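The values are calculated or read from the model by the stated rules, or taken from the named source; none is laboratory data. In this text, all values refer to a predicted model and were calculated from it rather than measured experimentally. Positions of Cβ are generated from backbone atoms using ideal geometry, with glycine treated the same way; all protein chains shown enter the neighbour counts.
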Amino acid sequence: MSATAPLACKPGDYKSETKPIWCPGCGDYHVLMALTRALAALGLPPEQFAIVSGIGCSSRIPAYTTCYGFHGVHGRSLPVAAGLKIVRPDLTVIVASGDGDGYSIGGNHFMHACRRNVDLTYLVMDNHIYGMTKGQPSPTTEPDFDTALTPGGTGVRPFNPLVVALASGANFVARAYAGNIHETANIIVEAVRHPGFSFIEILSPCVTYRPDQRAWKDRVHAAPVTATDDAARAARRLMTDDGFNLGVLYRGNRRPFQPVVAAVPCDLVEFEKGFEI
Amino acid sequence: MSGTSDIQPVSSSAQLYAIAHEIETDAVERYNLLAEQMQTHNNEELARIFLDLARAEGLHAEEIRRLAGDLGVESKRGPIGTWRTESPESADLSAAHYLMTPRDALQMALAGEERALAFYTGLASAATDPAVKKLAEDFVEEELEHVELCHRLLRRYPLPTGVTADDDPDPPRASD
Amino acid sequence: MSVAMVGSGGAGVLTTGSMLLEAACAAGWNGLLTRSVGPQIRGGEAAALLRLATRSVECLADHVDLLVGIDWVSAQRFESEIALAPGGLIISDPGAGAPPAALTPAGARIIDLPLAQLTKTNPGWRANMIALGAAARLLGLDEEVLQQVIKQHFAAKGQDVVGANADAVAAGGCAVATAPSEFRLARPQKTITKRWLITGNEAAGLGALRGGVRFAAAYPITPATEILEWLAPNLAKVGGTLVQAEDELASINMIVGASYGGVPSLTATSGPGLSLMIEALGLATAAEVPIVVVDVMRGGPSTGIPTKSEQTDLNIAVYGLHGEAPHLVIAPQSVTDCLLATQWATFLAEMLQTPAIVLSDQSLGQTQAAVSRPPDVAFIGLRLRATDVAAPYKRYALGGSGVSPMAIPGTRGGQYTADGLTHTERGIPTGSARDHGAQLDKRRDKIERYAYGDLWATLEGEGEVAVLTWGSLTGVAREAISLARAEGHNVRLIAPRLLLPTRPTEMVAALAGVSRVLVVEQSHSAQFHRYLRAHYTLPEDTLVLHRPGPLPIRPSEIYRQLTRGKNL
């Protein structure tokens, strides 16, 4: 393929032939459509993107694209992505996770990734459940949701990812709904283009374990106000957030983390002088 | 969900061709995606039906390209699309399940065509440019035919089955 | 000569030991310095343990010749580590009371050095500097060389401070002018080779850079932190980057990501950190991503004894990964060897697209030693990259050596998803028996078939008797063997540097003609012995000398076992 061939930039160019294992009806199909649209809109060839994921249904997404992918271990997508982006700032790195992988085992990395502010875009497909392992509660599951592992529900207050992201320093915070493919695609494009750590919580219903989530399509609604660059104002909005406000909440101005590298590397012999007797 | 209220009034034939083309190609993509899902989940009959629907939508798209001629069908909004949420004719992917019957698939298609019909009807009445109005009305006619076709096909499968994935006696499996 | 200096909070014992070593080396001697400390962060009791010699030394001697007490507060803590030689000398401040009985064997000579009195009458003089002067004079160390070290050390604090310390050192020397002269070291030989004063941890850092590492992720842990702190500014100078991670799970996964992006990457840790990193090591093995992890072993299990050495992470380094995950384990054998081992590990990891664990330990990592400048070795990792990619790209293609070309992100046509899931040649997840077997064979074969050459082990000497050991005990065994040789006994030294993959053919050759083996290791359960039994055939007459940390195994212990234990 010639390097000067014009880019096709159609969403179909970013979808691979690997057939997804997701249940028909899964919200993640919508996310895949939104993602391929976003990648096409960003106008870079597939080899310039790397999609890094952990473990879970949502984390299967890299192989369903024609981009470079990394399907790592449970909860560790963010450090893999950070290491990759730091040494390869030329790549566009997108991270995909779910509410279990991202907010439970990955919770610590989530906080520090927001804090460190490497230029990444983090998509968490939240379905308030552990789908891959057959229906255990996740940190965003309602406390009274009955499951085999937690009869009667966890009794534990759900995790609030937008609050944590904002408080930890994420430079872009948004919520999307998988069913709104074009809107989600637009938010992804904006998130990628926004420098620093961009976080999008994507409500993505699980048709198998949470059939009740079909009602989400009627519960989601556009946020009543437009995005702010004032973190305090964004925090106040989150106080009255019902969990279904869609749109960009916060666009910050923090400089992304990218270590400065010596332009002219010194010779290794220089280090020996420090040891010489 | 249809987004009919999201779209601005259409001011030119070129723009209308672009929108109409986008509606069809979006539908092609969705039906292909559904066909792939049905294939993976061993529902061969539904895979065939969705491939047929994809092919039909593909023909509509071709037709629109031909009609547009020199005006072309370039969408201004690029790969993402013109609507805030999704295209009017888009099949509801969340309504799919692996034990779908042909009737379910056709009802999905019918719902899409009806939404498209409503969309073009609204466009036609709101259009001020006579050429645009005429074109929109042509599309209304076209969609009426599609709706009628869906009804005809549905008559082949008269009994509602009410089958859902819960009719599978085997529980879901963990994969990773 | 072996010198021990002890003192408590604020005495500056460790600084003193360091300056003494520096001065001795500047004067042409060889030597090494280790430390032993109490649990306090500061102000605790401390011991600086030095060994100085005209020839090169790799371990502490059996006994201490000169024990210098700046004070004796809590010094009995070091009883097990400081055994005064018969006829040894103790320098003690009469104002600080008698040295503890535990450190004073029968027949020990004591010389008074009135430190408290001298510091009281000479403001600006410090007890440890007086003691330094005394120790240096006893050793026959050229005063001018010592004064030069003093000047360099205190230059930043101004002329007055330099002067006061110089005077204190001189006074200390004068105070022992009439002391016995048998503690003087022989004149050092002039060497033309460059020499370095370096710790094992620093050597590992330099080895990493020489091997091509240009990214490191860091999480501090005793006793490995110095590797990362050395790398932090120096990586930047060579165009690389070090990032501090939030925990070991982050640091190991960061280097996996950076390596996937095409950059040789490394982290350093100790036992507890390695335990956390095991899952990601398995991921790197399965996805065939090269990484290097330096494990500076310390006393275990669990939090263990963080400041002491032990050889007990062998099991987890070799066997710790779940599933079948062949990888590389390389164990440096001396302070200098930390450089070669880390460089070689980086080279091999890149060539074979697999993780390499470098099993160093606290006694190598935190010992400062005078060594000959290590030769430049041409081990710069060359990762096999997929450049002209033919569709469909098979990242994990079978055949050949088992190493398949790796497409670096950005390479058109090379897109693939790296996966910990069992996969096909194209990297697509699969559960098929054929693919699983084929990929297991591939990953095993690429490591087993590689020609590692002579570096796989240190093989020295001839004879029917062999000492089989590894890591930091190699130097101790070597010294014990030379003691035996002086008595007319021929003993071989066999110390594998490459612990994984095992080398059955080479070990058979190494053991040809050996009828008696002494295995030596610093491990309560004899991990190395069990490893040897699992993978190699040892002669029937095999004894094991093993004990856990924290005390180092001494040359005489091995020698006694060799002679008494019917080995010889």
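So here's what we get for this one:
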| quantity | calculated |
| --- | --- |
| Some residue of segment C:444-461 being under 30 Å from residue C:505 (Cβ atoms), in a loop (DSSP other than H, G, I, E, B) and at pLDDT below 95 | no |
| Residue that is of a type in the set (A, V, I, L, M), touching a Leu at 6+ places or on another chain (Cβ under 7 Å) and either over 24 Å from residue C:151 (Cβ atoms) or not assigned by TED's automatic domain parsing to the domain that holds residue C:139 (or both), where the choices are C:20, C:50, C:84 | C:84 |
| Pairs, first more than 10 Å from residue A:179 (Cβ to Cβ) in segment A:203-225, second in a strand (DSSP E or B) and not β-branched (Val, Ile, Thr), C-beta under 6 Å, six or more apart | A:222/A:246; A:222/A:247; A:223/A:245; A:223/A:247 |
| Residue list for segment A:150-193, filter: polar (S, T, N, Q) and either under 30 Å from residue B:91 (Cα atoms) or assigned to a loop (DSSP other than H, G, I, E, B) (or both) | A:150, A:154, A:160, A:171, A:180, A:184, A:186 |
| Tally, over segment B:75-123, of residues that are within 13 Å of chain A (Cβ to nearest Cβ) and in contact with a Phe, Trp or Tyr (Cβ under 6 Å, 6 or more places away or on another chain) | 2 |
| Residue C:413, sole failed condition from (1) buried (at least 19 other Cβ atoms within 10 Å of the Cβ); (2) at positive phi | (1) |
| Residue count for segment C:225-245, restricted to those that are more than 7 Å from chain A (Cβ to nearest Cβ) and either touching an Asp or Glu at 6+ places or on another chain (Cβ under 8 Å) or in contact (Cβ under 8 Å) with a residue 60 or more places away in the chain (or both) | 3 |
| Selection status of residue C:312, farther than 30 Å from residue C:81 by Cβ and either surrounded by fewer than 24 Cβ atoms within 10 Å (Cβ to Cβ) or not assigned by TED's automatic domain parsing to the domain that holds residue C:523 (or both) | no |
| Residue in segment B:77-100 that is touching a helix residue (DSSP H, G or I) at 6+ places or on another chain (Cβ under 7 Å), under 22 Å from residue B:151 (Cβ atoms) and either of a type in the set (Phe, Trp, Tyr) or modelled with pLDDT of 95 or more (or both) present | no |
| Segment C:464-477, subset β-branched (Val, Ile, Thr) and not in a strand (DSSP E or B), residue farthest from residue C:58 (Cα to Cα) | C:469 |
| Count of residues meeting criterion [under 25 Å from the mean Cα position of the chain (by Cα) and of a type in the set (Asp, Glu)] in segment C:442-467 | 2 |
| Those helices (runs of 4 or more DSSP H) lying entirely in segment C:106-167 with at least 1 residues surrounded by 13 or more Cβ atoms within 10 Å (Cβ to Cβ), without any contact (Cβ under 8 Å) to a residue 12 or more places away in the chain and of a type in the set (A, V, I, L, M, F, W, C) | C:143-154 |
| Any chance residue C:200 is within 11 Å of chain A (Cβ to nearest Cβ) and either buried (at least 17 other Cβ atoms within 10 Å of the Cβ) or at pLDDT 95 or above (or both) | no |
| From A:129, A:181, A:187, residue being within 22 Å of residue A:105 (Cα to Cα) and either surrounded by 16 or more Cβ atoms within 10 Å (Cβ to Cβ) or over 21 Å from the mean Cα position of the chain (by Cα) (or both) | A:129 |
| Complete set of residues in segment A:208-224 that are within 21 Å of residue A:58 (Cβ to Cβ) and of a type outside the set (Lys, Arg) | A:208, A:209, A:211, A:212, A:213, A:215, A:216, A:220 |
| Top-ranked residue in segment C:250-273 [being part of a helix (DSSP H, G or I) and more than 24 Å from the chain's Cα centre (by Cα); ranked as nearest to residue A:107 (Cα to Cα)] | C:250 |
| Count - residues of segment A:242-269 that are surrounded by 11 or more Cβ atoms within 10 Å (Cβ to Cβ) and modelled with pLDDT under 95 | 7 |
| First in segment C:553-568 and closer than 14 Å to residue C:81 by Cα and charged (D, E, K, R), second anywhere and surrounded by fewer than 21 Cβ atoms within 10 Å (Cβ to Cβ) and modelled with pLDDT of 90 or more, Cβ under 6 Å, 6 or more apart | C:554/C:62 |
| Residue tally, condition without any contact (Cβ under 8 Å) to a residue 40 or more places away in the chain and either within 14 Å of chain C (Cβ to nearest Cβ) or in contact with a strand residue (DSSP E or B) (Cβ under 8 Å, 6 or more places away or on another chain) (or both), over segment A:231-275 | 17 |
| Test result for residue C:374, modelled with pLDDT of 95 or more and assigned to a loop (DSSP other than H, G, I, E, B) | no |
| Qualifying residue in segment C:199-216 (condition: out of contact with any helix residue (DSSP H, G or I) (no Cβ under 8 Å at 6 or more places or on another chain), of a type outside the set (D, E, K, R), farther than 16 Å from residue C:291 by Cα and assigned to a helix (DSSP H, G or I)) | no |
| Residue check, residue B:47 of a type in the set (Gly, Ala, Ser) and within 12 Å of chain A (Cβ to nearest Cβ) | yes |
| Selection status of residue B:148, among the charged types (D, E, K, R), modelled with pLDDT of 90 or more, assigned to a helix (DSSP H, G or I) and surrounded by fewer than 21 Cβ atoms within 10 Å (Cβ to Cβ) | yes |
| Verdict on residue A:14 being more than 7 Å from chain C (Cβ to nearest Cβ), closer than 24 Å to residue A:208 by Cβ and among the hydroxyl-bearing types (Ser, Thr, Tyr) | no |
| Subset tally (residues that are of a type in the set (A, V, I, L, M, F, W, C) and under 17 Å from residue C:42 (Cβ atoms)) for segment C:1-22 | 4 |
| Matching entry among B:166, B:170, B:176, B:138 (being within 14 Å of chain A (Cβ to nearest Cβ) and part of a helix (DSSP H, G or I)) | B:166 |
